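A short reminder: the numbers here are calculations on the coordinates, not readings from a lab. Since we're looking at a predicted model, the values are computed, not measured. Neighbour counts are summed over all protein chains in view; Cβ atoms, including those assigned to glycine, are modelled from backbone coordinates with ideal geometry.
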Amino acid sequence: MEKNKRKVGGGILTQEQLNDIQKIGVCHIVTCGKDSQPHATIVEPSKYDCNEIVIPIVQMVESIKNIEENNKIFIHVTKVNEEYYGDSVQYKINAIATIERKGKLFEEVKHFEETERLPEGWTVKGIVRAKLTKCIQVDG
């Protein structure tokens with residue numbers, strides 16, 4: 001097996017998958033509350049590793065409500081082949097989400113987002129820590 005195909009430190013993602021997800025920069029998260037109605041939103045995570053994706057909470061009202069009711073989420077990332085869309089790669093990731101509104105990681109993400117990426121006046125209200133449990137890669 002190639003080096004970049006190995007799991008990183010026993011993680012859910014391989015180094016190649018982690019690199020792809022970081023380069024793409026955006027993903028869809030799907031949540032579902034007690035009412036069993038799915039809700040999807042596009043997010044731009046702040047931090048990634050082979051076992052966790054950290055998403056800043058800026059304007060995710062319905063998603064946060066759903067996570068508070070049901071912490072199982074689905075993350076979908078598509079790596080599009082610019083030359084031929086049919087050769088795209090999809091990462092279908094299951095995760096367990098927790099919401100944090102204080103602590104060291106929250107403060108790091110808040111500082112980064114508010115000084116580097118968010119428009120002036122916008123604020124980070126918390127973070128979603130998505131502990132990855134399973135990743136299925138679909139090619140083509």
For this session: Per DSSP H run of at least 4 residues, take -39500 (n - 2.57); add these up for the chain, divide by its residues and hand me the 222 nm value, nearest 500 deg cm²/dmol.
Result: -5500 deg cm²/dmol
For this session: Determine the sum of side-chain charges near Glu62: Lys and Arg each +1, Asp and Glu each -1, restricted to other residues whose C-beta is under 12 angstrom from that of Glu62.
Result: -2
Exercise. Looking at the range 37-132, which GluC sites (Glu not before Pro) are in a loop (DSSP not H, G, I, E or B) and have at most 15 other Cβ atoms within 10 Å?
Worked result: Glu82, Glu83, Glu120
Seminar exercise, completed: Per GNM of the chain with C-alpha springs under 10 angstrom, the most fluctuating residue out of Lys125, Lys104, Lys47 is Lys104
Seminar exercise, completed: Computed ³J(HN,Hα) along the range 125-136: with the Karplus parameters 6.51/-1.76/1.60, θ = phi - 60°, integer Hz and x for glycine or proline, the list is 8, x, 9, 9, 9, 9, 7, 6, 10, 7, 9, 10
Exercise. For Ser46, Ser63, what's the fewest-to-most ordering of other Cβ within 10 Å of each Cβ?
Worked result: Ser46, Ser63
For this session: Give the cross-link partners of Lys134 among the aspartates and glutamates, using a straight C-alpha distance below 17 Å as the criterion and excluding same-chain residues fewer than 8 apart.
Result: Glu16, Asp20, Asp49, Glu52
Exercise. Which longest run of the chain has no exposed loop site in it, a site being chymotrypsin sites (Phe, Trp or Tyr not before Pro) in a DSSP loop with at most 13 other beta carbons within 10 Å, and the site itself not part of the run?
Worked result: 1-83
Seminar exercise, completed: So Lys65 and Glu120, fully extended at 0.36 nm per residue minus their Cα-Cα distance, gain in nm 17.2 nm
Seminar exercise, completed: Long-range share for the range 80-140, i.e. C-alpha pairs more than 16 Å apart as a percent of all pairs, stands at 63
Exercise. With point charges of +1 on the Cβ of Lys and Arg and -1 on the Cβ of Asp and Glu, referenced to the Cα centre of the chain, which listed residue (Ser88, Asn19, Asn66) lies farthest in the positive direction of the dipole?
Worked result: Asn66
Exercise. What pairs from Lys23/Lys72; Lys23/Lys110; Lys104/Lys131; Lys23/Lys47; Lys47/Lys110 go past 23 Å between their alpha carbons?
Worked result: Lys23/Lys72
Problem set entry | In Å, descending, principal axis extents of the Cα set of the chain | 43, 37, 32
